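The values are calculated or read from the model by the stated rules, or taken from the named source; none is laboratory data. In this text, all values refer to a predicted model and were calculated from it rather than measured experimentally. Glycine also receives a Cβ, built like all others from the backbone with ideal geometry; neighbour counts cover every protein chain displayed. To get the accessible areas, we keep the full protein, side chains included, count just its heavy atoms, and leave off ligands, DNA and RNA. Shrake-Rupley method; radii C 1.70, N 1.55, O 1.52, S 1.80 Å.
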Amino acid sequence: MGIKKMRPMTPGTRHMSVLDFSDITKTTPEKKLTKKLKSNGGRNHRGIITTRHRGAGVKRRYRIIDFKRNDKDGITARVAAIEYDPYRSVNIALLHYADGEKRYILAPLGLKVDMHVMNGAEAEPEVGNCIPLENIPLGLTVHNVELTPGQGGKLARSAGMQITLQAKDGDHAIIQMPSGEMRRVDKRCRATIGTVGNLDYGMISIGKAGRKRHMGWRPSVRGSAMNPVDHPLGGGEGRHAGGHQFSSPSGVYARGGNTRDPKARSNNMIITRRKK
């Protein structure tokens with residue numbers, strides 16, 4: 001999928017670029033594979049804002065994606081269409097299984113309409129097939145990798161992401177994450193062959209603030225422009241940092257702090273940390 005630059009007819013379109021959607025073959029989703037998601041505006045069940053600057057945006061329906069693909073082993077599926085998903089950076093593929101059921105999966109790079117995919121240990125290591133890590137040859141790139149067998153894919157699900165299968169050691173497989181981190185995963189976990197498609201997604205330019213609002217993002221105000229009662233960086237005469245380390249309004253530091261729990265149970269699964 002390529003990128004189309006807008007003509008500078010207005011200030012907002014001067015630097016705007018959009019995807020050309022050349023890979024999309026179907027514009028209306030399967031109604032039975034969608035559901036309505038209620039917008040919470042970044043608030044939790046108590047009504048407290050836990051994610052700032054979220055709200056409004058264009059109404060859209062959530063596409064139900066099959067991340068597990070463990071109950072259709074041995075059943076061949078034909079790729080019926082490639083569709084746009086407003087909730088994801090990657091396109092999705094509509095599968096028509098031989099038993100008549102329809103499902104959505106993430107569309108990997110190179111997956112085309114009328115191609116066939118398959119799930120299970122018997123499947124060949126080809127693009128779009130979902131196979132346990134113990135049956136995948138070393139050196140192949142995969143995505144939608146599970147962390148726990150049967151849980152569903154959790155790793156490498158956004159546009160352009162890929163994970164490399166490096167080795168197999170006993171009951172575990174060693175994979176290299178997009179960040180460079182090396183970690184162990186149960187070799188019974190499933191992964192989909194190939195790289196996540198829509199590689200050009202990260203190259204688009206939003207161009208104007210209104211387009212960001214359509215995506216559900218509200219404006220962000222600098223802490224130094226606030227009053228001291230509203231932000232640790234607020235107050236003072238003129239523009240200055242406020243004598244406080246960069247932080248959120250609640251005082252949580254924004255730079256240099258570790259966010260991972262040092263007692264996390266999965267720490268022993270990490271072989272090499274990601275590069276900072």
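Using a probe radius of 1.4 angstrom, the carbon and sulfur fraction of the accessible surface of the chain is 51%.
Per Stokes-Einstein, at 4 °C and 1.567 mPa s, what whole-number D in µm² s⁻¹ belongs to the stretch 20-122, with the Kirkwood radius over Cα pairs as the hydrodynamic radius? Could you put the intermediate results ahead of the total?
Working: Rh = 15.5 Å.
Taking Rh from Cα pairs, D becomes 83 µm²/s.
What you get for the stretch 136-276, charging only the Cβ of Lys and Arg (+1) and of Asp and Glu (-1), is a dipole of about 100 debye around the Cα centre.
Note on residue 267 and residue 158: with the Förster distance fixed at 30 Å, the Cβ-Cβ geometry gives a FRET efficiency of about 0.80.
Rounded to the nearest 20 debye, what is the charge dipole size of the stretch 1-65 about its Cα centre when +1 sits on each Lys and Arg Cβ and -1 on each Asp and Glu Cβ? If you can, show how the numbers build up before the last one.
Numbers: 18 positive and 3 negative charges, 83 e Å.
Once rounded to the nearest 20, the dipole reads 400 debye.
Viscosity 1.002 mPa s, temperature 20 °C: give me the Stokes-Einstein translational D for the stretch 112-193 in µm²/s, with Rh taken as the Kirkwood radius over C-alpha pairs.
Values: Rh = 12.6 Å.
So the translational diffusion coefficient is about 171 µm²/s.
Ordering 191, 245, 167 by Cα displacement along the dipole of the stretch 133-270 toward the positive end leaves 245 in first place; charges were set at the Cβ atoms of Lys, Arg (+1) and Asp, Glu (-1).
Can you work out the accessible area per residue across the stretch 235-276, with the rest of the protein chains kept in place, probe 1.4 Å, in square angstrom?
Normalised by residue count, the accessible surface of the stretch 235-276 is 93 Å².
Coordinate range of the alpha-carbon atoms in the stretch 63-124 per principal axis, descending: 32, 21, 21 Å.
Coordinate range of the alpha-carbon atoms in the stretch 171-224 per principal axis, descending: 50, 31, 18 Å.
Over the Cα atoms of the stretch 127-267, Rg to Rh with Kirkwood Rh, two decimal places? All intermediate terms of the calculation are to be shown ahead of the outcome.
Working: Rg = 21.6 Å, Rh = 18.8 Å.
Value, to two decimals: 1.15.
With θ taken as phi - 60° and the Karplus curve 6.51 cos²θ - 1.76 cosθ + 1.60 applied, the whole-hertz 3J(HN,Hα) list for the stretch 54-63 is 10, x, 6, x, 6, 5, 7, 10, 7, 8 Hz, x standing for glycine and proline. For the stretch 204-262, applying the loop criterion from DSSP together with a ceiling of 11 other beta carbons within 10 Å to the trypsin sites (Lys or Arg not before Pro) yields 222, 239, 255, 260.
Please give the FRET efficiency for residue 58 paired with residue 25, using the beta carbon to beta carbon distance and R0 = 35 Å, rounded to the nearest 0.05. Result of the calculation: an efficiency of 0.95. For the chain, the residue among 259, 74, 229 whose Cα projects farthest onto the positive side of the dipole built from Cβ charges is 229. In summary, the chain shows an alpha-carbon radius of gyration equal to 1.19 times the 2.2 N^0.38 Å reference for compact globular proteins.
Projecting label points 7 angstrom from Cα along Cα→Cβ for residue 40 and residue 248 puts them 1.4 nm apart. Under a model in which nothing but the beta-carbon of Lys, Arg (+1) and Asp, Glu (-1) is charged, the chain shows a dipole of about 1540 debye around its Cα centre.
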